[in-house]
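The values are calculated or read from the model by the stated rules, or taken from the named source; none is laboratory data. For clarity, every value in this text was computed on a predicted model and none was experimentally measured. Every residue, glycine as well, gets a Cβ built from its backbone with ideal geometry; the counts of neighbours run over all protein chains shown. When the accessible area is computed, the model is the full protein with side chains, heavy atoms only, and any ligands, DNA or RNA have been set aside. Shrake-Rupley method; radii C 1.70, N 1.55, O 1.52, S 1.80 Å.
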Amino acid sequence: MSRWPLLLLLGLLATVLTLPVVSLAVSWLQWNADSAQVLGEMSRTVLPEYALTSLWLCVVVALGVALVGLGTACAVTLFDFRGRRTLEWALLLPLAMPAYVVAYAYTDFLQFSGPLQVGLREAFGWQGRVFPEIRNTAGAAWVFTFSLYPYVYLLARTALSERASQLMEAARLLGAPLSRRIRQVALPLARPAVAAGVALALMETLADFGVASYFGIQTFTAGVYKAWLVMDNRLAAAQLATVLLLVVAVLLWLEQGAQRRMRFAVSKGGRTGGAEAAPVVLTGRRALWAQLVCGAPVLLGFVLPVLFMLRPLVGGWDELNWTPFLGWARNSLSLAGLSAALAVALALALALAVRVNPGRGPLARFSRGVSQVVALGYAVPGAVVVVGLLLPVGWWQAVAPDTSVGYWITATVLGLVWAYMVRFVAVALQSVHSGYARIPTSLDESARMLGTTGWGLAWRVHWPLLRRSTAAAALLVFVDVMKELPATLVLRPFNSDTLAVMTYQLARDERLGEAALPALALVAVGLLPVILLSRTLRSR
């Protein structure tokens, strides 16, 4: 395979996918007296509120997802009780629920004029509110906790299932009681997994726009959009986006460190099954407590929101207008399909470059470097991507006002697909890399001995073995694009609304009954990767 075309492709890919972050760094070069005045004003007015609200929200969400995720992982991994096998995969269902959909569902049902509060007031003659107002920071923490705990649950469950049962049995044989075995054996083993899951949940929390905007919470992400779209201040938006990006970078560093600590050696020669590794059987009251611990998150994070959204949908079924819904669905499906195809193609090209250039040569180091840079894209919040893309467009328009760059970025799908690639090529790349990890390098060597090299090696040897990984990558990108809200809200062309955008806009206009149909459509699509993940876990 010729090196120069590959080198050019990798350089172009790295430039395109890192432009948003680079443009934010370059924006600080515009520092002047006006910039200092704007920053000083922000520091006195909005920045303290953004920082304190985001910090408080992150602390509460971190504690919530850690307790719920670790508690459910311990219950289904270390114990056996009635319904455990069902709850093992049911605990993943909140992954299919976008957090903003959960927020809309609870608001519609629990608000002062909602059916639950009205019914209780009529039944018992109560006055005033029965349940507290949910549209505040505490309500947002509740929504994020039961939407994002599966990150901790999934990683902690994997860590415990691989290592904890045998060690806990050894501790039992040494006379340690159950509480001590959990406290001194299981929990320390799960600590790196919990840290990694909490970091992922906090990155999602900081990147959220739908819940913060709908609840009126002054977080950094909401502040970025307010500075850009309301205050019309690009510099303020860039500075807020830079602060948000730095915080996310710290969380990503912590997550990667926790992931590295999870990869300590595990004996493969010992028995992994058998009676000595069997979970503790629970009966009676203990089994009931385990069922409640595992069933409550599923109920609060998936079942109740779905039922809340189904109620207005079923009640107003005859009044539904299917024509606009089909248009929103068509736009969402076309954008998701195009983005998934492009993301998988780029991921395959990048993974192939890493595969065919092992060692420590310049091209090998460059290929791995580009792969690592692209892999960070998923951690970049949608608000940061939007500001990072629109900043250079504004600069170019100021230098060359007669050009049509702004039109192509903001009035066509080019800018939107570009933003999707920045965020979601990392998702496809991770799946393709995992597929390549299962293909032994001896197959490459055998193919070269038989005269197959370059693109022929990729097409005739790699591709047949990568089909499942590629399909999984396409599915994950497809679903993520369908649910993406911040970038789609700003960069979508005129008259091309998507399911996510219309769900947000209808809910913002307090038309929650009409928002139910697109919201449930997003949930249905989100179930696809959850089903795939649960099947993978069961097969393992």
**Prompt:** Among rounded, prolate and oblate, which fits segment 275-362 when a ≥ b ≥ c are the square roots of the eigenvalues of its C-alpha gyration tensor, a/c under 1.5 means rounded, and a/b larger than b/c means prolate?
**Reply:** oblate
**Message:** Can you give the longest run of the chain that contains no GluC sites (Glu not before Pro) sitting in a DSSP loop with at most 15 other Cβ atoms inside 10 Å?
**Reply:** 134-509
**Listed residues Q239, L520, G394: farthest to the positive end of the dipole of the chain (Cβ charges)** = L520
**Request:** For the chain, give the percent of accessible area contributed by carbon and sulfur heavy atoms, probe 1.4 Å, rounded to a whole number.
**Result:** 64 percent
**Asked** Which value, in Å², gives the accessible area per residue of segment 460-527 when a 1.4 Å probe is used on the protein heavy atoms?
**Response** 38 Å²
**Asked** Tell me, what is the per residue accessible area of segment 317-365 in Å², probe radius 1.4 Å?
**Response** 53 Å²
**Request:** Can you tell me the relative contact order of segment 370-488? Whole percent, Cα pairs under 8 Å, sequence separation 6 or more.
**Result:** 35 percent
**Asked** Expressed as a whole number of Å, what is the distance separating the alpha-carbon centroids of segment 451-502 and segment 207-260?
**Response** 25 Å
**Around G513: net Lys/Arg minus Asp/Glu count, Cβ-Cβ under 10 Å** = -2
**Complete:** The computed P(r) of segment 438-540 puts the percent of Cα pairs beyond 16 Å at 70 percent
**Request:** When a/c is below 1.5 the answer is rounded, else prolate if a/b is larger than b/c, else oblate, so apply that to the chain with a ≥ b ≥ c taken from the square roots of the Cα gyration tensor eigenvalues.
**Result:** oblate
**Request:** For segment 307-315, just list the computed ³J(HN,Hα) in residue order, Karplus coefficients 6.51, -1.76 and 1.60, θ = phi - 60°, integers in Hz, with x standing in for Gly and Pro.
**Result:** 5, 4, 6, 6, 4, x, 5, 5, x
**Asked** Going by the alpha-carbon gyration tensor, a ≥ b ≥ c the square roots of its eigenvalues, is segment 73-120 rounded (a/c under 1.5) or, if a/c is not under 1.5, prolate (a/b greater than b/c) versus oblate?
**Response** prolate
**Item:** Gained length - R172 relative to L29, 0.36 nm times residue gap less alpha-carbon distance
**Value:** 45.2 nm
**Item:** Cα-projected label distance for T15 with A524, points at 7 Å along beta-carbon direction, nm
**Value:** 4.4 nm
**Request:** With an 8 Å cut-off on Cα pairs and a minimum separation of 6 or more residues, tell me the relative contact order of the chain in percent.
**Result:** 22 percent
**Prompt:** How large is ³J(HN,Hα) for each residue in segment 512-525, as worked out from phi by the Karplus curve 6.51 cos²θ - 1.76 cosθ + 1.60 (θ = phi - 60°), to whole Hz, x for Gly and Pro?
**Reply:** 5, x, 6, 6, 5, 5, x, 5, 5, 5, 5, 5, 4, 5
**Message:** Please list, ordered by chain and number, the residues whose modelled amide H lies under 5 Å from the amide H of D80; skip anything fewer than 5 residues away on the same chain.
**Reply:** V280, V281, L282
**Request:** Could you rank the peptides 77-86, 171-180, 293-302 by their average count of other C-beta atoms within 10 Å per residue, with the highest value first?
**Result:** 293-302, 77-86, 171-180
**Message:** Under a crude label model (7 Å from the Cα following the beta-carbon direction), how far is W395 from R285 in nanometres?
**Reply:** 6.7 nm
**Item:** Calculated FRET efficiency for the pair E41/A447, C-beta based, R₀ 56 Å, to 0.05
**Value:** 0.30
